Amino acid sequence: MDRELTSWYSPALNQDMPIAVYGNYGFALLLIPTAQADYLEYERFQLIDAIKPYIDAGKVKVFSINSINSESWLNDKMLPEHKAIRQNQFNQYVLHEVVPFIRNNTSEETQIITCGASFGALHSMNLFLKRPDLINGVIAMSGVYDLHEYTDGYNDTQVYFNSPMDYMPNLEDEWYLDNIRKSKHIHILTGSGDYEDPDASRAFAGVLYSKGINYELDVWGPDMKHDWPTWRQMLPYYLETRF
């Protein structure tokens, strides 16, 4: 498996941002870390090893980026309005820097699928919904799609527009809805074990249903905890059976 580490200075975030690339061919899987983790998190916790057969077979090329959650929602020293601003800067980084980087390292026809676990699932879903013309789908594992879970009660328009459970019920713009409906890959996965919240996934799936959006909700059993062994089972299974 080919592995390449690179970085560039991000104008959106005003700092160097590294990225890990695994493989050479296949659709592009953009991994968003959990919590305060970095671009090598999925490698450290053996998720890259778990999907290595699909990378080696040329089914998928993986791009793994840093989170900035420690500079936003999970930073107790920041003012909440500054956290929201930083979140929007992260969105701009992904959409205007990472997506072009992926295009330059694949092709214009290559599908881009965002993917993440836990907090990464919320970010992955949010990025897809914001630009369904650039991002073709999402695999969201063990997510909660209400950003208020992380804002300690703070709310403003920037929180609203980064919280899918807030803005999706009110979304009426047919351009967005039509592009979201085109996706064949909206996969919402969750376990039912310790620290999982399957009701959060069911609630968000219900919002998508109300908008006429096709999705897949897959609730795994009580033995599936909110932890890496669950995600190391989920992601390879979906790469094998859905792509």
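The values are calculated or read from the model by the stated rules, or taken from the named source; none is laboratory data. Everything quoted here is computed from the prediction, not taken from an experiment. Methodologically, a virtual Cβ is constructed for each residue, glycine included, from the backbone with ideal geometry; neighbour enumeration extends over all protein chains shown.
Could you please give the count of residues in the stretch 54-79 that are buried (at least 17 other Cβ atoms within 10 Å of the Cβ) and closer than 18 Å to D152 by Cα? Spell out how you get there, then give the answer.
So the first thing to find is which residues in the stretch 54-79 are buried (at least 17 other Cβ atoms within 10 Å of the Cβ), and the list is 54-55, 59-69, 71-73.
With closer than 18 Å to D152 by Cα added as a condition, the list becomes 68-69, 71-73.
Within the stretch 54-79, residues that are buried (at least 17 other Cβ atoms within 10 Å of the Cβ) and closer than 18 Å to D152 by Cα number 5.
Do we find a residue being in contact with a helix residue (DSSP H, G or I) (Cβ under 7 Å, 6 or more places away or on another chain), surrounded by 14 or more Cβ atoms within 10 Å (Cβ to Cβ), closer than 27 Å to T151 by Cβ and modelled with pLDDT of 95 or more anywhere in the stretch 18-28?
Scanning the stretch 18-28, I find no residue that is in contact with a helix residue (DSSP H, G or I) (Cβ under 7 Å, 6 or more places away or on another chain), surrounded by 14 or more Cβ atoms within 10 Å (Cβ to Cβ), closer than 27 Å to T151 by Cβ and modelled with pLDDT of 95 or more, so the answer is no.
For (1) aliphatic (A, V, I, L, M); (2) in contact (Cβ under 8 Å) with a residue 40 or more places away in the chain; (3) in a strand (DSSP E or B), each residue gets a yes or a no:
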position: L5; (1), (2), (3): yes, no, yes
position: Y9; (1), (2), (3): no, no, yes
position: M17; (1), (2), (3): yes, yes, yes
position: V21; (1), (2), (3): yes, yes, yes
position: L31; (1), (2), (3): yes, yes, yes
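Are there any pairs, at least 6 apart or on different chains, whose C-beta atoms fall under 9 Å, with the first in the stretch 50-71 and touching a residue at least 60 places away in the same chain (Cβ under 8 Å) and the second among the basic types (K, R) and part of a helix (DSSP H, G or I), and if so, which?
A50/R232; I51/R232
Looking only at helices (runs of 4 or more DSSP H) that fall completely inside the stretch 142-243, which ones have 2 or more residues that are closer than 14 Å to L129 by Cα? So that I can check it myself, show each step before the final result.
Details: elements: 157-160, 164-167, 174-181, 198-210, 228-242.
So the answer is 164-167, 174-181, 198-210.
Can you spot a residue in the stretch 141-151 that is out of contact with any helix residue (DSSP H, G or I) (no Cβ under 9 Å at 6 or more places or on another chain) and not polar (S, T, N, Q)?
Checking the stretch 141-151: not a single residue is out of contact with any helix residue (DSSP H, G or I) (no Cβ under 9 Å at 6 or more places or on another chain) and not polar (S, T, N, Q).
Out of I102, I85, report the one residue that is surrounded by fewer than 18 Cβ atoms within 10 Å (Cβ to Cβ), of a type in the set (A, V, I, L, M, F, W, C) and assigned to a helix (DSSP H, G or I).
So the residue among I102, I85 that is surrounded by fewer than 18 Cβ atoms within 10 Å (Cβ to Cβ), of a type in the set (A, V, I, L, M, F, W, C) and assigned to a helix (DSSP H, G or I) is I85.
Return the residue satisfying two criteria in turn: it lies in the stretch 210-243 and is of a type in the set (V, I, T) and within 23 Å of Q111 (Cβ to Cβ), and of such residues it is surrounded by the fewest Cβ atoms within 10 Å (Cβ to Cβ). I'd like the intermediate steps shown before the answer.
Our first condition is that a residue be of a type in the set (V, I, T); within the stretch 210-243, this holds for 213, 219, 230, 241.
Adding the requirement that they be within 23 Å of Q111 (Cβ to Cβ) leaves 213, 241.
Working: I213: 18, T241: 7.
The extreme case among them is T241.
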